[in-house]
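Engineer: There's a structure below that I have some questions on.
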Number of protein chains: 2
Amino acid sequence: MAQAGRRPGNSNTREAVLAAARNQFSAKGYQGATIRGIAAEAGVNAAMVHHFFGSKEAVFGAALRVPVDPQRVVGTILDGPREQIGERLARMFLGFWQDTETRAPFLALLRSVTSDDRTAALFKEFVGEAVFSRVSEALGVPRLRLNLAMTQMVGLAIGRFVIGVEPLREADTEEVVELVAPVIQYYLTGTGVDPTIHQAQN
Amino acid sequence: MAQAGRRPGNSNTREAVLAAARNQFSAKGYQGATIRGIAAEAGVNAAMVHHFFGSKEAVFGAALRVPVDPQRVVGTILDGPREQIGERLARMFLGFWQDTETRAPFLALLRSVTSDDRTAALFKEFVGEAVFSRVSEALGVPRLRLNLAMTQMVGLAIGRFVIGVEPLREADTEEVVELVAPVIQYYLTGTGVDPTIHQAQN
């Protein structure tokens, strides 16, 4: 699909880069793929890919339709008092699913990673590098605990928004946050959490 | 498909009852369907359905390929010390997914309830009546907390067995039980989560 006369801002060029990125990530994995390789396949130079997207992470996000910016997720986890990490994460994650703009791509992603092993492998690698590694290093939390915090949030999304089990589906967001935040807090900080204490802090 | 000369033990009859049950549950929901209606559609009498299956719950389980007996799940939750409910449930649930015989139907069920609204609605009603109602009543636990315990276990299954995120996928079962049990315990008993106390009790 290479065409002559491409310039930054040309939407055909952008689409060609995204198509090349999907191929390259799919063939080589997240770590194996390079901006240089993506650019070569798209018939543009690497500087143009950098110009459009800024980073491999951003190319991946655009090409694979990642619903949220991992940097924002990491920022939310790390910015603010450590004893409120669980509450911040629970609230942000519920927000993604309540927002109709991010909910559909989250649902599409959930369905593809639970039904397609290749997509699952690709996203595992991406989330591992873009989120888990950074948070694990910054907080000194074992990755197994980060995994488990993620399982609680994925399960919560399925129960509340996908299957819609009652009364969870209709429960007030604040009530859900209050119940789930101590669990995320427990996984991420390794400390025992008493929901009574948690309420008192709010 | 009704045939003359059906007797209990005739596998055609059993198949006809199961096919009728799938139709009836799908059309009327779990509570709306009746053994009488299923028998009528299969061209047998209700006593024969009782003879084959024993209860509407068992007909549902056989017809919709429910991977485990809800009675057994309820029994595991309720039989034994209350302060070890989380550990019992976490261990039982991980066992279902580790056992190759129950894993495949669990995965099939997970995929169908996350992709098909009608199947999701049917199973919500079934699990609500066969599990949540009984446990909620027996333990005096709000159903929202039971919902949340279930979301943790569903998310755990997805993370460990479906997506297979590392290191959760390869982690030792006892380590996973030790980390997750306090969360299930917290949801089901409403007490604070302290992993140190939990470890000391083992």
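Engineer: Would you mind ranking A:His50, B:His51 so that the residue whose beta carbon has the fewest other beta carbons within 10 Å leads the list?
Structural biologist: Working: A:His50 15, B:His51 12.
By the 10 Å Cβ count, ascending: B:His51, A:His50.
Engineer: Just to compare against my own numbers: the Cα pair-distance distribution for segment B:70-201, 10 Å bins, whole % per bin, please.
Structural biologist: P(r) over segment B:70-201, rounded to whole percents: 12, 43, 36, 9, 0.
Engineer: Would you kindly work out, in nm and rounded to one decimal, the distances from the label point of A:Gln84 to those of the same position in each other copy, ordered shortest first, with label points 7 Å along Cα-to-Cβ?
Structural biologist: 4.0
Engineer: Still on this structure, I have one more. Mind sorting A:Ser136, B:Ser11 by how few other Cβ atoms lie within 10 Å of their own Cβ, fewest first?
Structural biologist: Working: A:Ser136 17, B:Ser11 7.
Arranged by neighbour count, lowest to highest, A:Ser136, B:Ser11 become B:Ser11, A:Ser136.
Engineer: Just tell me how shielded A:82-88 is by partners: mean number of partner chain Cβ atoms within 10 Å of each residue's Cβ, no decimals.
Structural biologist: Across the residues of A:82-88, the mean count of other-chain Cβ atoms within 10 Å is 0.
Engineer: Treating segment A:11-63 as a set of equal point scatterers at the Cα positions, no solvent, please give the Debye-formula log₁₀ I(q)/I(0) at q = 0.22, 0.26 Å⁻¹.
Structural biologist: Computed log10 I(q)/I(0) values: -0.65, -0.94.
Engineer: Same structure, new question: Taking the label point as lying 7 angstrom from Cα along the Cα-to-Cβ axis, what are the distances from A:Glu101 to the corresponding position in the remaining copies, in ascending order and in nanometres?
Structural biologist: Sorted ascending, the copy-to-copy spacings read 5.2 nm.
Engineer: Within a Cβ distance under 10 Å of B:Thr34, other residues only, what is the Lys/Arg minus Asp/Glu net charge?
Structural biologist: Details: positive: B:Lys28, B:Arg36, B:Lys56; negative: none.
Once all neighbours under 10 Å are counted, the net charge is +3.
Engineer: Can you give the net charge of the other residues whose Cβ lies under 9 Å from the Cβ of B:Trp97, counting K and R as +1 and D and E as -1?
Structural biologist: Details: positive: B:Arg103, B:Arg160; negative: B:Asp99.
Surrounding charge for B:Trp97 is +1.
Engineer: PRE reach from B:Ser112 (point 7 Å along Cα→Cβ): which of segment A:115-142 fall under 18 Å by backbone N?
Structural biologist: A:115
Engineer: Give me a single rounded figure for A:106-114: the average over its residues of other chain Cβ atoms within 10 Å of their Cβ.
Structural biologist: On the way: counts 0, 2, 0, 0, 3, 3, 0, 4, 8.
The per-residue average across the peptide is 2.
Engineer: Other chains near B:140-150: what is the mean number of their Cβ atoms within 10 Å of each residue's Cβ? Show your work: numbers first, answer last.
Structural biologist: Numbers: counts 0, 0, 2, 5, 10, 2, 3, 12, 12, 1, 6.
Other-chain Cβ atoms within 10 Å of each residue's Cβ, averaged: 5.
Engineer: Provide Rg over Rh for the protein assembly as shown; use the alpha carbon set for both Rg and the Kirkwood Rh (inverse mean inverse pair distance).
Structural biologist: When Rh is taken as the Kirkwood radius, the ratio is 1.04.
Engineer: Take B:Val131, B:Val59, A:Val113, B:Val183 and order them by how many other Cβ atoms sit within 10 Å, fewest up front.
Structural biologist: On the way: B:Val131 17, B:Val59 25, A:Val113 22, B:Val183 28.
Neighbour counts put them in this order, fewest first: B:Val131, A:Val113, B:Val59, B:Val183.
Engineer: Please give, to one decimal in nm, the separation of the simple spin-label points placed at A:Lys28 and B:Arg169, each 7 Å out from Cα toward the Cβ.
Structural biologist: 2.2
Engineer: Can you tell me the relative contact order of chain B? Whole percent, Cα pairs under 8 Å, sequence separation 6 or more. Intermediate results must be reported in sequence, preceding the final value.
Structural biologist: Values: 188 pairs, mean separation 41.1, N = 202.
Answer for chain B is 20 percent.
Engineer: Using only alpha-carbon positions, what ratio does the radius of gyration of segment A:1-147 give when scaled by 2.2 N^0.38 Å? Please list the in-between numbers first.
Structural biologist: Values: Rg = 16.9 Å, N = 147, 2.2 N^0.38 = 14.7 Å.
Normalised by 2.2 N^0.38 Å, the Cα Rg of segment A:1-147 equals 1.15.
Engineer: Just to check, using Stokes-Einstein with a Kirkwood Rh over alpha carbon pairs, what's the diffusion coefficient of segment A:40-86 at 20 °C and 1.002 mPa s in µm²/s?
Structural biologist: Values: Rh = 12.7 Å.
Estimated via Stokes-Einstein, D reaches 168 µm²/s.
Throughout, read-outs are computed from the coordinates displayed, never taken from laboratory work. Predicted model, so just to flag it, every value in this text is computed and none were measured. Positions of Cβ are backbone-derived with ideal geometry, glycine not excepted, and every protein chain shown enters the neighbour counts.
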